[in-house]
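Reading through the structure tokens given below for one structure.
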Amino acid sequence: MQTPKPDPDTHGPAAAIDPYVFSSQVGHLLRRAYQRHTALFQEFIPDSKLTVAQFVVMCALSDDGTASISELVKATVIDQATIRGVVDRLKSRELIALQPDPIDRRKVIVSLTDEGTQLVAEMKPHAQAISEATFGPLNEAERVALLYLLRKITETEPDTRYPDVDHVCK
């Protein structure tokens, strides 16, 4: 009778190296956390027509004042194609106004209308409650750590010494 071979996933030197499990990867977990946050936003924000991206653009304008489209792209980290659609929808709701830049007529300057300013003010308390709900069961120290780590990840420039990620899989 043959002795069963040990499972390489639980015994021997290979056990020290975790297998790649997509559901345990940072990208997957970040995406799930963002999906949870977006679902909470859509469920609890009183304005059912307002999306997360639209709210972010309006908050950027509220915080920074008027901005060009390219400045909004930088401030919100929303790509150029998406931001144009967001701006068009906000303009159609008369929440923002568009004007040509007085110095460079090729540029469009975006600003909040009075209605947009009022909507941001009304939505901010709801957005804060949604952020609290997104944190879920995390205690204060975990919340601070999560925000610190997310800022550290997002504020770090990619390491250009490694043009591909193959080195991670070795």
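The values are calculated or read from the model by the stated rules, or taken from the named source; none is laboratory data. These numbers were taken from a predicted model, which means no experiment stands behind them. Ideal geometry is used to build each Cβ from the backbone, glycine not excepted, and the neighbour counts take in all protein chains shown.
Tally up the residues in the stretch 100-123 that are at pLDDT 95 or above and surrounded by 11 or more Cβ atoms within 10 Å (Cβ to Cβ), please.
First pass over the stretch 100-123, keeping only residues at pLDDT 95 or above: 109-123.
Then drop every residue that is not surrounded by 11 or more Cβ atoms within 10 Å (Cβ to Cβ), which leaves 109-113, 115-120, 122-123.
Within the stretch 100-123, residues that are at pLDDT 95 or above and surrounded by 11 or more Cβ atoms within 10 Å (Cβ to Cβ) number 13.
The residue that is surrounded by the most Cβ atoms within 10 Å (Cβ to Cβ), counting only those in the stretch 41-58 that are over 14 Å from the mean Cα position of the chain (by Cα), assigned to a helix (DSSP H, G or I) and not polar (S, T, N, Q), is Met58. Only residues that are of a type in the set (Lys, Arg) and surrounded by fewer than 11 Cβ atoms within 10 Å (Cβ to Cβ): list them for the stretch 76-99, please. The answer is none; no residue qualifies. The set of residues in the stretch 124-142 that are charged (D, E, K, R) and surrounded by 13 or more Cβ atoms within 10 Å (Cβ to Cβ) contains only Lys124. Cβ separations smaller than 7 Å between residues 6+ apart or across chains give the following pairs from the stretch 77-106 residues that are under 27 Å from Ser48 (Cα atoms) to residues that are small (Gly, Ala, Ser) and part of a helix (DSSP H, G or I): Ile78/Ala53; Thr82/Ala53; Val86/Ala53; Leu95/Gly116; Ile96/Gly116. Only residues that are in a helix (DSSP H, G or I) and more than 17 Å from Phe41 (Cβ to Cβ) were counted across the stretch 91-120, and they come to 7.
Among the conditions (1) modelled with pLDDT under 95; (2) within 26 Å of Gln35 (Cα to Cα); (3) surrounded by 11 or more Cβ atoms within 10 Å (Cβ to Cβ), the only one that Glu157 does not satisfy is (3). Residues of the stretch 70-105 that are small (Gly, Ala, Ser) and touching a helix residue (DSSP H, G or I) at 6+ places or on another chain (Cβ under 6 Å): Ala75 alone. For the stretch 66-82, the candidate set comprises residues that are in contact with a Leu (Cβ under 9 Å, 6 or more places away or on another chain) and not in a helix (DSSP H, G or I); within that set, the residue that is farthest from Gln118 (Cα to Cα) is Ile78.
Would you check if there is a residue in the stretch 18-29 being assigned to a loop (DSSP other than H, G, I, E, B) and within 18 Å of the chain's Cα centre (by Cα)? Steps first, please.
Here is the first cut: in the stretch 18-29, the residues assigned to a loop (DSSP other than H, G, I, E, B) are 18-21, 25.
Among the residues that remain, those that are also within 18 Å of the chain's Cα centre (by Cα) are: 25.
Yes, some residue in the stretch 18-29 is assigned to a loop (DSSP other than H, G, I, E, B) and within 18 Å of the chain's Cα centre (by Cα).
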